[in-house]
Amino acid sequence: MYEIAAGVSAEDIGRIALESNEERTIHLNAVIARRLAYVPYRTWVDHLLESAKDRRAQILHDGGYPYVFYATGADIKINFAASEYEEVANLADATRYLVEAWDQS
């Protein structure tokens, strides 16, 4: 999970999501402020996929692995609840983060 740099808006993320894979990767790396949490194993991403379907989260990359989501701390915590990592538990519920996730399947 990554903190997004100050001044980067949801509209900025939306524009980046429309770019080609190569450009999107470059620009997403540029908007990351720092890594906040790392879960060292693959997990299901079902909750984040449902969040995207319900428009609470956005899938920025799903054509191959890993998935990249733009999601709230609340949705991230639900998805990774079994990880029991303090860094995940400490994410602010309303703040949006970038999540790079490898599905368990």
Worksheet, complete the sentence: Cβ pairs under 8 Å, 6+ apart or interchain, first in segment 52-78 and in contact (Cβ under 8 Å) with a residue 40 or more places away in the chain and surrounded by 18 or more Cβ atoms within 10 Å (Cβ to Cβ), second of a type in the set (A, V, I, L, M) and part of a loop (DSSP other than H, G, I, E, B), ordered by first then second residue, are Y70/A57; I76/M1; I76/L91
Practice prompt. Kindly provide the set of residues from segment 35-51 that are in a loop (DSSP other than H, G, I, E, B), open to solvent by less than 40 Å² (accessible area, probe 1.4 Å) and at pLDDT below 85, ordered by number.
Written response: V39, V45
Worksheet item: Does any residue in segment 79-95 that is farther than 14 Å from Y38 by Cβ come within less than 9 Å, Cβ to Cβ, of a residue that is among the basic types (K, R) six or more places away or on a different chain, and which pairs are these?
Response: D93/K77
Worksheet entry | Residue in segment 82-96 that is open to solvent by less than 20 Å² (accessible area, probe 1.4 Å), touching a strand residue (DSSP E or B) at 6+ places or on another chain (Cβ under 6 Å) and among the hydrophobic types (A, V, I, L, M, F, W, C) present | no
Discussion item. I'd like the full set of residues that are open to solvent by less than 60 Å² (accessible area, probe 1.4 Å) and among the basic types (K, R), limited to segment 21-34.
Written reply: R24
Response to the item:
Residues in segment 5-20 that are in a helix (DSSP H, G or I) and open to solvent by less than 80 Å² (accessible area, probe 1.4 Å) total 6
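The values are calculated or read from the model by the stated rules, or taken from the named source; none is laboratory data. Everything numeric here is computed off the predicted structure, so don't read it as measured data. Note: ideal-geometry Cβ built from the backbone for every residue, glycine included; neighbour counts use all protein chains shown. For the accessible areas, the whole protein counts, side chains as well, though only heavy atoms, and no ligand, DNA or RNA atoms are used. Shrake-Rupley method; radii C 1.70, N 1.55, O 1.52, S 1.80 Å.
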